[in-house]
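Any read-out appearing in this document is the output of simple, stated calculations on the displayed coordinates, not a laboratory observation. Just so it is clear, the model here is predicted, and its values are computed rather than measured. Here the Cβ positions follow ideal geometry from the backbone for every residue, glycine too, while neighbour counts run over all protein chains shown.
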Amino acid sequence: MTRVDILAVAAHRDDVELTCGGTLIKAAARGRLTAILDLTQGETGTRGSAELRAAEASRAAEILGVQARENLNLPDAGIVNTPATRAELAKAIRRFAPRVVIAPAARGRHPDHRVTAELVRDASFVAGLAKIEPHVPKHRPFKILHCLTYREHDEKPTFVVDISDEFERKLEAVRCYGSQFDGVTQAGEVFPNGEPLYDVVRHHAAHYGSLIRTRYGEPYYTTETMRVDDVAALEVSTF
Ligand SMILES: [Zn+2]
């Protein structure tokens, strides 16, 4: 496995594209090494098949510019946070040795998303415990980011990544999942408003962009507070 700067971990193939695809594209364009770890194969999805989604996911990975895309083969719609799954995920995190791990939001509609958020945090901690799975050298990521895109709870983003220049490419990656998304108005955490799904994705990104006075954005939450050295240099106007 490749060592990377940023590892995005998600329950299902297509989650990363929807929630943080623009951020991954932007990071790769700046020379950061990125990778994706999907926890399940998507075998319980209503549309398409796991095989079809595998092909879609690898096409999307090329568009996102990631170094690697792996799958942990946990049961779809049955992800649990146990010592066994934490150890499995910790081993994968150690091999990628990321500084930053991107995880789902702590709350969400699909139980896999909620559990994955907690599992990623716990596995990242466990990855730093040398005596667990001692045959793989320990590595604890420096920081965990939770994607807030499409979430309805009232958590204010800690920050928003400007993806104005990356949005069309992100949408191209989302469109790889034609078996899931063509002709639909809802998917995962994306609640329907009657528009085609791709338009909903665009409008959500435009909303998050407006929070930082830019065209498109992807929102994140961190449990840690952001540090500032020079308040006179702060961005995003109040008026
Ligand atoms: Zn999902």
Taking only the alpha-carbon atoms of the chain, the convex hull volume per residue, in cubic angstrom, is 126 Å³
The stretch 106-120 versus the stretch 30-101: alpha-carbon centroid distance in Å
14 Å
I want the antiparallel fraction of DSSP beta bridges within the stretch 1-104, as a percent rounded to 5.
0 percent
To the nearest 500 deg cm²/dmol, what mean residue ellipticity at 222 nm is calculated for the chain from DSSP H runs of n ≥ 4 alone, each contributing -39,500 (n - 2.57), summed and divided by the residues?
-11500 deg cm²/dmol
So for Tyr221, Tyr177, fewest C-beta neighbours within 10 Å to most, what's the order?
Tyr221, Tyr177
To the nearest 0.05, the calculated FRET efficiency linking Phe191 and Lys143 through their beta-carbon distance, R0 being 22 Å, is 0.15
Here the Kirkwood hydrodynamic radius of the stretch 1-116, Cα-based and in Å, equals 14.2 Å
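Rank by packing, highest mean first: peptides 45-54, 164-173, with packing defined as the count of other Cβ atoms within 10 Å averaged across residues.
164-173, 45-54
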Cut-off 12 Å between beta-carbons: net charge of the residues surrounding Leu148, Lys and Arg +1, Asp and Glu -1:
-2
Taking 1 over the mean of 1/r across every pair of different Cα atoms in the stretch 56-172, what Kirkwood radius in Å do you get?
15.7 Å
P(r) histogram, all alpha-carbon pairs of the stretch 108-167 included - 10 Å bins from 0, percent:
18, 35, 31, 15, 1
Under a Cβ-Cβ cut-off of 10 Å, what is the net charge of the residues other than Ala50 that fall near it, where Lys and Arg count +1 and Asp and Glu count -1?
-1
Packing-based ranking, highest mean first, of 231-237, 112-118, 203-209 given that Cβ atoms within 10 Å are counted
112-118, 203-209, 231-237
In whole Å, what three semi-axes, largest first, describe the equivalent ellipsoid of the stretch 143-221 built from its Cα gyration tensor (square root of 5 times each eigenvalue)?
21, 14, 12
